[in-house]
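Step one of this worksheet: look at the structure below.
The values are calculated or read from the model by the stated rules, or taken from the named source; none is laboratory data. Owing to the predicted nature of the structure, the values given are computational and were not obtained by experimental measurement. Neighbour counts are summed over all protein chains in view; Cβ atoms, including those assigned to glycine, are modelled from backbone coordinates with ideal geometry. Ligands, DNA and RNA are stripped out before the accessible areas are found, and what is left, the full protein with its side chains, is counted by its heavy atoms. Shrake-Rupley method; radii C 1.70, N 1.55, O 1.52, S 1.80 Å.
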Amino acid sequence: MDTALNYEPFISEPLTWAEICQRYPDQWVCLVEIDIIEEQNFEFHSARVIGHGKTRREPFVQARPWRDKYDTIGHFYTGKIVAPVPRYFL
Amino acid sequence: MKVTRFDPTGDLIIVIGYLWGPGGREKRPLSLAIDTGSAETVITPDVVDELGYSPRDGEAITTVRAAIGKEHGYTLRAARFVAFGFAVPDFRVHVFDLASGWGIDGLIGLSYLRQFNYEIRSEEGRILVQRTAP
């Protein structure tokens, strides 16, 4: 179900990844103004949070009002990644 | 040669990748697992939907045989994909759902990796990547 209407657009102050993980533990987050150090590495000085939630989709829905302003919206999980990876065959 | 770092203590090798929307304006930095056992590079439907793609843009419907049975996805030509610092335009991805609790938005499979020589240094948490394809 699309729950976009249930959210007021918000944007956090610039936060480090450690601060984001502490504020939104075990959640998916959408980030903008990602002050990334090197393109190929997941290390940045700070970013602003514009969406968060327990499902992959929830932060995307909250981020929609910001899409006109931000071309780049990061999507990451703040918890520990412990995925079993299945095998794919086309 | 470019160097990509990852957390060597993690259960999976996770790197940052970038997927562009159909107009080439919007992009999404994502967490992706490197999976040399996957033929395809996989991106979840939530990501491609939000970028403005739809199943109508798909090339082919696919069937995945997983432990719990058959599940369907589709292939899509993404405007641009970047990982390890190397960009590939018009790149085919396999759109397929992964459990939200896994904490990743997709897999980097051999469809992307085969364009490079790469060396995974697990203890150091580094991947050395050199493009070989033109």
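Observations
- Max mean-square fluctuation residue, GNM over chain B, Cα-Cα springs under 10 Å, options B:THR75, B:THR62, B:THR41: B:THR62
- For segment B:94-134, trypsin sites (Lys or Arg not before Pro) meeting the loop criterion (DSSP other than H, G, I, E, B) and having at most 16 other Cβ atoms within 10 Å: B:ARG114.
- With a Förster radius of 41 Å applied to the beta-carbon distance between B:ALA39 and A:THR16, the computed FRET efficiency rounds to 0.65.
- When you filter the GluC sites (Glu not before Pro) in segment B:1-102 for DSSP loop state and at most 16 other Cβ atoms inside 10 Å of their Cβ, you are left with B:GLU59.
- Buried on assembly, segment A:35-68 (at least 50 Å² less accessible surface than by itself, 1.4 Å probe): A:GLU39, A:GLN40, A:ASN41, A:ARG56, A:ARG57, A:PHE60, A:ARG67
- Here is the list for segment B:1-94: trypsin sites (Lys or Arg not before Pro) lying in DSSP coil, each with at most 13 other C-beta atoms within 10 angstrom of its C-beta, are B:ARG25.
- Helical runs assigned H by DSSP (4 residues or longer) give chain B a calculated mean residue ellipticity at 222 nm of -1500 deg cm²/dmol, each run adding -39500 (n - 2.57) before division by the residue total.
- When the convex hull of its Cα atoms is projected in every direction, mean area for the protein assembly as shown (nm²): 12.2 nm²
- Counting only lysines at least 8 places from B:LYS2 when in the same chain, those with an alpha carbon closer than 22 Å to its own are B:LYS27.
- Under the Debye formula (equal points on every Cα, no solvent term), log10 I(q)/I(0) of segment B:1-87 at q = 0.11, 0.16, 0.19 Å⁻¹: -0.36, -0.75, -1.01
- Among beta bridges from DSSP that stay inside segment B:35-120, the antiparallel ones total about 90%.
- In sequence order, calculated HN-Hα J values of segment B:9-25 (Karplus, 6.51, -1.76, 1.60; Hz; x Gly/Pro): 8, x, 6, 10, 8, 10, 10, 8, x, 10, 10, 9, x, x, x, x, 8
- Its relative contact order, with pairs defined as Cα atoms under 8 Å and 6+ residues apart, puts segment B:7-54 at 35 percent.
- Other residues with beta-carbon under 13 Å from the beta-carbon of A:GLU38 carry, at +1 per Lys or Arg and -1 per Asp or Glu, a net charge of 0.
- Accessible surface of segment B:1-99, 1.4 Å probe, proportion on carbon and sulfur as whole %: 50 percent
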